[in-house]
1. Contact list please: Cβ distance under 6 Å, first residue in region 61-76 and closer than 12 Å to Pro134 by Cα, second residue assigned to a helix (DSSP H, G or I) and not polar (S, T, N, Q), pairs at least six apart or on different chains.
2. Go through region 118-164 and count every residue that is surrounded by fewer than 16 Cβ atoms within 10 Å (Cβ to Cβ), in a helix (DSSP H, G or I), of a type in the set (Ser, Thr, Tyr) and at pLDDT 90 or above.
3. Wholly within region 296-381, which helices (runs of 4 or more DSSP H) include no fewer than the required count, namely at least 1 residues that are at pLDDT below 90 and surrounded by fewer than 19 Cβ atoms within 10 Å (Cβ to Cβ)?
4. Read through the list (1) part of a loop (DSSP other than H, G, I, E, B); (2) touching a Gly at 6+ places or on another chain (Cβ under 9 Å), then give the number of the only condition that Gly206 fails.
5. State yes or no: is Glu391 out of contact with any Lys or Arg (no Cβ under 9 Å at 6 or more places or on another chain), modelled with pLDDT under 55 and either within 25 Å of Ser504 (Cα to Cα) or not assigned by the TED database to the domain that holds Gln483 (or both)?
6. Within region 165-203, take every residue that is of a type in the set (D, E, K, R) and assigned to a helix (DSSP H, G or I) and give me the one that is nearest to Leu277 (Cα to Cα).
7. Looking at Ala77, Ala52, which one is under 13 Å from Thr14 (Cα atoms) and in the same structural domain as Pro10 (by the TED database)?
8. Under the condition of being hydrophobic (A, V, I, L, M, F, W, C) and open to solvent by 60 Å² or more (accessible area, probe 1.4 Å), which residue from region 168-205 is nearest to Leu235 (Cα to Cα)?
Amino acid sequence: GLPAALPALPLELTVLYNSLLLTVGEESDSVIEGEAEEIRQGLLRVLEACGASGQDLSTEELWQKVLQEVKVEELQAPLHRVGALQAAWWLAARRLDSTTSLFRLLSTAEDLERARCSEGQNELLSLLKAWRVPAEEAPLPLVQSTESLKEVLCTTATFLQGLQELEAGNFPAALFLLQEATRGFCSKRVLAQIHICLSCCSQRMGKPQTALQYLRRAIQADFQCLSALSHVAALYHKLGKTDAELQALALLYEALEKKTPAAASSSPYFLIRTELLVHTPLLSSLLRHRHPSEVKYLLAQRCLQDGRVADAVEHYLDFLTLLKEGLQQQVPLHSDSALPRIPEVFLEAASALELAGRHQDAITVCKEVIRRTTKLIPRVLQVEEKPEQPECPLPEAGLAGRLPSQKKEDLHCLAWRAAGYLHQGWAWAMLGESKEAVMEFSRKVWRMPSQKSVCLSMPEDLLSEVKVLHKIRLLSLIGRGAQFLEQGKHKEALLDFQHGLQISPGDPAAASYLVQALWKLNRKQEATAHWQKFSQSSTEKDEQQERSPFSFRPFPLYLISCLKWATFPHSESLTASIWDYLGITSQDSLS
């Protein structure tokens, strides 16, 4: 409350400098945010002591007024130190232009000349490197030297500009700045973060091996930088190196489970550090830590995709155990989370169990999916885009008044329940229980429109969900038809395969089963004609499917076992029989 006095101002500004640094230090690793109101009040007291006012000025204008009008020699060094703190706050807010303007004001003519001679292309960095605190006769004690603060500011500015260029897609400029930042004054943790950014930059430049080298350097710099290990696994996945990817994921899961306490960020310790000033959305995204459950799921998923069934089963069962322990409350939601919806995880686990021959366990898992999703499906689901267009009737299905997101969720639940019945049907079939299998396959063999009519009336964002439903119905018809063949009900089997081909014309499995059904009905000439037709049109059909809206993404992983079981198993013997028949027919026509 005392009035400002020039003789006391050097002490006041030094106390302000030290107190702000100590306040930041007490908050440990909390990032610096917002404005430093204390700095503004300090500048106003300087103006007050000089008989001026600046209440209506912005902080930038206040600094300009103080540095241009206050020429008291004893105030120059304290003002420069407080200016460096102001730069730290502005860098934390990514106000690079404001920081540049401030250091233009702080720089002497000699500093500006030195800056132009050194690095004219990057004004902020050259100003920072050339800036010096004016000499003073009796300097007061400081809790952090201005030399170390200057080094931190240089590294921070370089790192931030590198991130800015990376986000803008200027990869060569980003690479140069980030490499420059690695030579700056920073902790091992920040050095690891910079190497992760360099890896990201190299990867986007199409240099995966260089990206891997940077990730290795990140781990060498800070062995607790687990986000680097996560990026290593993702990069190996893109390179198709499954063994290396699984090894990286296993190491990552083990490290996350140990929960090692974080190491000290730097030595010696400084109150203002680069890690407190750099916190951009891009960096946060690159450094996001995966939850152990996400890594466990990735291990299960990759093993299933790669055909490592036993390992996949083990990881899926571990993951389901985590679910029982309240996993959903533990995992923070992220847009880039590896975790799919929980019913899909259950269905993937069922697929793995089926492929491992554990069909009863798969049935148990699917019952849980069916139980949980049945109550979520509305009685009617109307998915057409306009009222005058034909409806797409689905089982127990859509509400005309429901929002698109609600309709999409309804379709998801519908697909999950239908997939549960489908899995149970194939599981019973593998156990030799044909009657039970037919019953499960029949539960959801519902009537659906053809793909052509769906393409005309379906909102684009629902196409992928309806495509999955079509595939599930097709697999159900193939499964039931195959069981009818085993039971000797060839006519019923033929009808199912014909319906399957209406859903997906030219499907290889349905087409082959149709030919077999005709063959068993002794309609050999018709069977041969269909076989020739499907054989000749297979290449053309593949090209049409590539252009079809229903071919824009692969089917869910949880259908992998059903797709395997639905493959026609007697192609060679059926083809040989048809060739024999064609040979006999041609001989009869010649004679």
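The values are calculated or read from the model by the stated rules, or taken from the named source; none is laboratory data. Keep in mind the model is a prediction, meaning the values are calculated, not measured. A quick note on method: Cβ atoms are made from the backbone with ideal geometry, for glycine too, and the neighbour counts reach across all protein chains shown. Surface accessibility is based on the protein's heavy atoms, side chains included, excluding ligands, DNA and RNA. Shrake-Rupley method; radii C 1.70, N 1.55, O 1.52, S 1.80 Å.
1. These pairs meet every condition: Glu74/Pro10; Leu75/Leu9.
2. The total comes to 0.
3. On the way: elements: 309-324, 327-330, 342-355, 359-374.
Result: 309-324, 327-330, 359-374.
4. With respect to (1) part of a loop (DSSP other than H, G, I, E, B); (2) touching a Gly at 6+ places or on another chain (Cβ under 9 Å), Gly206 is out only on (2).
5. Details: out of contact with any Lys or Arg (no Cβ under 9 Å at 6 or more places or on another chain): yes; modelled with pLDDT under 55: yes; either within 25 Å of Ser504 (Cα to Cα) or not assigned by the TED database to the domain that holds Gln483 (or both): yes.
The answer is yes for Glu391.
6. Of region 165-203, the ones of a type in the set (D, E, K, R) are 165, 167, 180, 183, 188-189.
Then keep just the ones that are assigned to a helix (DSSP H, G or I); that gives 165, 167, 180, 188-189.
Details: Glu165: 18, Glu167: 18, Glu180: 17, Lys188: 15, Arg189: 14 Å.
Checking each candidate, the answer is Arg189.
7. Details: Ala52 fails: under 13 Å from Thr14 (Cα atoms).
Residue meeting the stated conditions: Ala77.
8. Step one: list which residues in region 168-205 are hydrophobic (A, V, I, L, M, F, W, C), which gives 168, 171, 173-178, 181, 185-186, 190-192, 194, 196-198, 200-201, 205.
Cutting the leftovers down to open to solvent by 60 Å² or more (accessible area, probe 1.4 Å) gives us 168, 176, 185, 205.
On the way: Ala168: 22, Phe176: 22, Phe185: 29, Met205: 14 Å.
Among residues in region 168-205 that are hydrophobic (A, V, I, L, M, F, W, C) and open to solvent by 60 Å² or more (accessible area, probe 1.4 Å), the one nearest to Leu235 (Cα to Cα) is Met205.
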